[in-house]
Amino acid sequence: MLCFKIGEKVIIVKAVGKNFLFVEIHVAIARLLFGRVLHAFADKKGNSKMRLLPITLLTALLFVLASCHLSLGAKHDAVTGATPKYQHGKTALPPEVGAYKVIGVLNGLKKYVIRYDNKLYRGGEPFADSAVQSLKKYGIRTVISITPTDQERKLCKDNGLTLVEIPFEKTKGLSPDDLKRYLKTLKTGASPFYVHCHGGTHRGGVLGVAYRVHIQGWPYEKALVEHGRLGGDLMADHIMLESVRKIPK
């Protein structure tokens, strides 16, 4: 379990099975809640064992929340590690909170699109020619593909889009050289950029974390919270996340 403060909020992060659960509590409420619990259960001598009780109660609360299906995280194929195959129909969107903007479902692109800022967008891979119009609507000039295909290469070439290929596996994460190349592309390439894997949630999300930490200077923990909000899975994505945590020398 991880607990840290961002602004006026206390963020509590808990890994539950293969899912990621986070709870936001305002600082004032956290102080009031845990202050009263400490006062109620600490003995006159300030017994250290008694002071651990609030943590036990908090952990129990998180498990109760998890049992109520409040945990977050997209399921993935147990054998290949791939995001489930794309299906037409309604798509559940992430919550509209934080520094990102939920663009939503766009023609020709799998799942939904997220805008981190005016420089970086993230979503699913193109599956139809109409993806070009969707990308150009938001001024995309460079596509950073984790799952490049011949169809995508032709689509980008025919429509004047720069394609940067940075493939990597979920079980290994980015190599140091690939991380350097990704960050160099963001610094020197033609923006806005569109980053994608198959569904855009896990591997694409990891590149989003790298952008927040190494380009925008976010704390790693804050970027992890956002990764969870956007459908990432801390346990399933752990190796990938660790691969982008620090810039290799």
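The table below gives the values:
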item: Boolean, ALA92 is modelled with pLDDT under 95, touching a Gly at 6+ places or on another chain (Cβ under 6 Å) and part of a loop (DSSP other than H, G, I, E, B); result: no
item: Check on HIS198, modelled with pLDDT of 95 or more, within 20 Å of the chain's Cα centre (by Cα) and in a loop (DSSP other than H, G, I, E, B); result: yes
item: Region 216-226, subset free of Cβ contacts under 8 Å to residues at least 60 places away in the same chain and part of a helix (DSSP H, G or I), residue nearest to the chain's Cα centre (by Cα); result: ALA223
item: Matching residues, region 194-232, being polar (S, T, N, Q) and surrounded by fewer than 23 Cβ atoms within 10 Å (Cβ to Cβ); result: GLN216
item: Candidates LYS180, LYS187, LYS157 - the one that is touching a Pro at 6+ places or on another chain (Cβ under 8 Å) and in a helix (DSSP H, G or I); result: LYS180
item: Residue in region 233-246 that is among the charged types (D, E, K, R), surrounded by fewer than 16 Cβ atoms within 10 Å (Cβ to Cβ), without any contact (Cβ under 8 Å) to a residue 12 or more places away in the chain and not in a helix (DSSP H, G or I) present; result: yes
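The values are calculated or read from the model by the stated rules, or taken from the named source; none is laboratory data. Model, not experiment: these values are computed from the prediction. Positions of Cβ are generated from backbone atoms using ideal geometry, with glycine treated the same way; all protein chains shown enter the neighbour counts.
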